Each structure stands twice: as structure tokens, then as C-alpha cells.
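The values are calculated or read from the model by the stated rules, or taken from the named source; none is laboratory data. Bear in mind that the values here come from a model prediction, so they are computed numbers and not experimental data. So basically every Cβ, Gly included, is an ideal-geometry build from the backbone, and we count neighbours across all protein chains shown.
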Amino acid sequence: MGSCLGTQIKAESQCNAAPNSKYVNTDGCDLSSSGSDVSKASATHTRRRRSEGEILQSSNLKSFSYAELKAATRNFRHDSVLGEGGFGSVFKGWIDEQSLTATKPGTGIVIAVKKLKQDSLQGHDEWLAEVNFLGQFCHPHLVKLIGYCLEDEHRLLVYEFMPRGSLENHLFRRGSYFQPLSWSHRLKVALGAARGLAFLHSAETKVIYRDLKTSNILLDSNYNPKLSDFGLAKDGPAEDKSHVSTRVLGTYGYTAPEYVATGHLTAKSDVYSFGVVLVEILSGRRAMDRSRPSGQRNLVDWAKSYLANKRKLSVVLDNRLEGQYTIEEAHKTATLALRCISIEPKLRPTMDEVVSALEQLQVPNVNGGKPKPSVNRSSRRKSEGGVKNEKTSTAYPRPSASALYA
Ligand SMILES: Nc1ncnc2c1ncn2[C@@H]1O[C@H](COP(=O)(O)OP(=O)(O)O)[C@@H](O)[C@H]1O
Ligand SMILES: [Mg+2]
């Protein structure tokens, strides 16, 4: 979820931890009142008018007590942490499938419990946004929200458990618990995430997700991706409007340049973020990485010219994918990514178009098939020159090293 920081400069100093670094501009932190227009779309209309009480009452979500979630997570045990974000920590827990009451670890169904940090500045608004949006949707590529807790100062959310954790972990973490994602799995994840976004952008839903990044794409046991973390989601513009004017919220490296410059938010802002994720998927590099040599820290700035040139594409492609794709497939995927990160929003495809393009690129049998003739790797090695000091051998302990993702 987004955190409301005082200024961009303040946030920028946190960029080393890039994936979760979020920023806002300097014009305030009032998420609830930031001005979106009144929509004619009925679902959007209904959603906008709902008060907090209505949101909580109308959802089919279970209202958990704090004590129940404490019991379900074994008192929010340190070794049950599944992940951390701007909002707080996410814990593994267990509940009974029928009664939804806490059960002993290892019995009933597994849940993920997100617990708001006590000092989170705008946590309540983001917490409510998740209940409001995610609580209404049911889609194979959106994580299921089971319930929430609103008690005194406590704000928690209860989701279905996603056994393989985030795409971020699979792309960037090294060590025996995270084998490199195969080419076919990467395309499968890209397509599923695109379908989730296309659903959000569809005429009846009309939602702008605003925080697409690898840590918000979660994977089930079959590598089916689901979008999670709806704290920054926003109703799209009314029929007669081109954009929503709002504060700039998002994550460094993923946010569309025109949105950062003007505060004008459109579905095409999400398409830009999707393009950044696609470049991360292709390259195995983070959108922002301060540990890289200057000139390579912002992935999109660095990768753009290589992505556009079929012969230089191998400079960008993740060398752990060697032998798994044809140059044609890689080129098509790179071209799609480039269209998504066009500076001019009108040149970006819609998410429906992205879905169609990715459907064409899927590998028929995700778990099998012979390796395909690959791009000649020697050119990449030459071009990468001395970039050997990448942190490729770091083994990450908890939470990724727990047996949860094995
Ligand atoms: N349902 C879930 N199942 C498994 N892991 C999860 C789940 N939800 C979140 N996580 C882990 O916790 C991390 C942070 O969750 P997220 O919802 O993005 O929180 P924040 O709003 O603080 O960014 C994710 O990147 C992921 O690693
Ligand atoms: Mg997140």
C-alpha cells in the first residue's frame, strides 16, 4: 500500500529499498477527499457514494475480532511473517473453513493477515479502500479478501493465502528457495496480471489500480497470478471526463511520467506500470536499483534502447532464461513492453489489447516442452562488460526462506 510521505525528496532518500518506496507530491495526504468525478457507471456510482459503515456492512466479508486474528496467527509470530509492505506486515494464519474461527496451525484453511502499522499515516484510508474495492470483486486474477478487523486502533485484512508469495520474490531473490522462473511461467504470470488489470479497467468496473508492481502480484501453487493490495485503487473518470485529478501516489520506477507531472490519472497509467513489470519479467532486474552502476539504476531508462533493437535485446534479457525462448518470442514481448511504456499515453495499448498480445505468446505446455533455440548469448556477455558485482548470490532468510514457498 502507499505510504504518504511529506515530500518527494524525503521519499527519494528511501529509494535504496526501491520496490516498496512510494511517493506523493507535496499537496497533502487526503486520500478520501481527493477529487474524482461522479461517474455514470452504476457500479462505480454505488461504490463512490458509500460511507464507511455502508462499505463494511454491505460486503460479504467476515468481521474478525482482534483476538481471533491474534489466535489465528499465533500472536503474530515473527516466524509467520509472509511479507512486509508500506502498510505493515503480513502473517500466515489458520481458520476453520466453515465457521472462520481460529484453528490450530496446520488445520483448517490457511490465510494471510495484513496488520496495519500503528504509526501508518494514512493507513485507515488505504485499509478502507481495500475493503471497498477488493471486497466487491471476485475474479480469478484478484486475490480474495475474506474479512477484516476494525477494533480500537487495530486495522487488519484477511486474505486467501497465496502459497508461492510475490512475483518480486521469484524474480529477484536468489537462493535455493527461489529457483528462477521459467520463460513460460513468466509469460503465464504476465498474462494473468494483464487479465486482472483488464477486468479492473472494464466498462462495468472502471477502476484504476495505481500500484502495479511485482510485490503486489501474488502466485498460487500453479503460478496463477493474482493482484493484491488495493490500498491505492481509485474509481476511474466519469464517462465525460478523460482523467481523474488526484494526488500522485505510487511507487518509484513504476509510475507513468504524465501522472507524476500532472496528477492526471487514467487507466493508461496502469498500462505504463504493467510495461515496467514486463521489462522486469524479461530482464530479472528491478525497476529501481540503486546498487547498480549509474545509468542502469532506472530500468526503463536503461533498457529502452536495447528493447527496441532486436540484435541488442539479449543485453536486457535475464541470462537465467537462456535456451527457453526464441528471438522472435523475445522480440514480440519486448515490443509489447515498449508500447506499454510509451511516453505518450495514447500510444500505449489498452489492457484488453495487452491480453490479446500475451495470449498469442503463451507457451502451450507450461511445465513441459523442449527448450527452444535461444538468442546468441555472447553478444550480451560482451555488452554487459564488467557488471559482475550484481547481488546475485545473496540468500535471503525469513520470510522467503520459510518452507511456505517451497
Ligand atoms: N495473500 C497473501 N499470501 C501470501 N503472501 C502475501 C499475501 N498478501 C501479501 N503477502 C506478502 O506480503 C507482502 C506485502 O503485502 P501487500 O499486500 O503488498 O502489503 P502492503 O500493502 O503493505 O504493500 C507481499 O509482497 C507478499 O510477499
Ligand atoms: Mg504491496
Check: List, please: which pairs have Cβ atoms under 8 Å, are six or more places apart or on different chains, and start with a residue in region 215-239 that is on the phi > 0 side of the Ramachandran plot and end with one that is assigned to a loop (DSSP other than H, G, I, E, B) and surrounded by fewer than 24 Cβ atoms within 10 Å (Cβ to Cβ)?
Finding: Y223/R164; Y223/L181; Y223/V366; D229/G85
Note to self: Just checking, does region 227-249 include any residue being in a loop (DSSP other than H, G, I, E, B), modelled with pLDDT of 95 or more and away from ligand 2 (no atom under 14 Å from the Cβ)?
What the structure shows: no
Notebook entry, point to check: In this structure, is L317 crowded, with 24+ Cβ neighbours inside 10 Å, assigned to a loop (DSSP other than H, G, I, E, B) and touching a residue at least 12 places away in the same chain (Cβ under 8 Å)?
Noted result: yes
Notebook entry, point to check: If you go through region 285-303, how many residues are among the charged types (D, E, K, R), under 16 Å from T255 (Cα atoms) and touching a helix residue (DSSP H, G or I) at 6+ places or on another chain (Cβ under 7 Å)?
Noted result: 2
Margin query: Regarding region 129-147, can at least one residue be identified that is more than 12 Å from ligand 1 (Cβ to nearest atom), surrounded by fewer than 17 Cβ atoms within 10 Å (Cβ to Cβ), over 20 Å from the mean Cα position of the chain (by Cα) and touching a residue at least 24 places away in the same chain (Cβ under 8 Å)?
Written below: no
Margin query: Among the numbered criteria (1) within 23 Å of the chain's Cα centre (by Cα); (2) of a type in the set (G, A, S); (3) surrounded by fewer than 19 Cβ atoms within 10 Å (Cβ to Cβ), which one does A303 miss?
Written below: (3)
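A quick yes/no check of all residues on (1) away from ligand 2 (no atom under 16 Å from the Cβ); (2) modelled with pLDDT of 95 or more; (3) in a loop (DSSP other than H, G, I, E, B); (4) out of contact with any Lys or Arg (no Cβ under 9 Å at 6 or more places or on another chain):
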| site | (1), (2), (3), (4) |
| --- | --- |
| E168 | no, yes, no, no |
| Y177 | yes, no, yes, yes |
| P180 | yes, no, yes, no |
| H185 | yes, yes, no, yes |
Checklist line | Failed condition for R77, given (1) out of contact with any Gly (no Cβ under 9 Å at 6 or more places or on another chain); (2) farther than 23 Å from S166 by Cβ; (3) surrounded by fewer than 18 Cβ atoms within 10 Å (Cβ to Cβ) | finding: (2)
Notebook entry, point to check: Which members of region 163-180 meet the condition of being in contact with a Phe, Trp or Tyr (Cβ under 8 Å, 6 or more places away or on another chain) and without any contact (Cβ under 8 Å) to a residue 60 or more places away in the chain?
Noted result: H170
Notebook entry, point to check: Could you list, in sequence order, the residues of region 215-232 that are within 12 Å of ligand 1 (Cβ to nearest atom) and surrounded by fewer than 24 Cβ atoms within 10 Å (Cβ to Cβ)?
Noted result: S215, L219, D220, S221, K226
Notebook entry, point to check: Can you tell me which residues in region 91-120 are in a loop (DSSP other than H, G, I, E, B) and in contact (Cβ under 8 Å) with a residue 40 or more places away in the chain?
Noted result: L100, S120
Notebook entry, point to check: Quick check: is even one residue across region 130-146 assigned to a loop (DSSP other than H, G, I, E, B), in the same structural domain as L336 (by TED's automatic domain parsing) and either within 23 Å of C340 (Cα to Cα) or within 16 Å of ligand 2 (Cβ to nearest atom) (or both)?
Noted result: no
Notebook entry, point to check: Quick one: which of S228, S215, S221, S202 is in contact with a helix residue (DSSP H, G or I) (Cβ under 9 Å, 6 or more places away or on another chain), more than 25 Å from G86 (Cβ to Cβ) and in the same structural domain as T333 (by TED's automatic domain parsing)?
Noted result: S202
Notebook entry, point to check: Which residues, counting only those in region 98-120, are among the aliphatic types (A, V, I, L, M) and within 16 Å of ligand 2 (Cβ to nearest atom)?
Noted result: A112, V113, L116
Check: Quick one: what pairs do we get from region 282-298, first residue of a type in the set (S, T, N, Q), second crowded, with 18+ Cβ neighbours inside 10 Å and in a strand (DSSP E or B), C-beta under 8 Å, 6+ apart or different chains?
Finding: N298/M288
Margin query: Return the residues of region 60-90 that are part of a loop (DSSP other than H, G, I, E, B) and either within 14 Å of L156 (Cβ to Cβ) or within 16 Å of the chain's Cα centre (by Cα) (or both); say none if nothing qualifies.
Written below: L61, F64, S65, T73, N75, F76, G85, G86, F87
Checklist line | Complete set of residues in region 93-114 that are under 27 Å from the mean Cα position of the chain (by Cα) and either at pLDDT below 90 or surrounded by 22 or more Cβ atoms within 10 Å (Cβ to Cβ) (or both) | finding: G93, I95, I111, A112, V113, K114
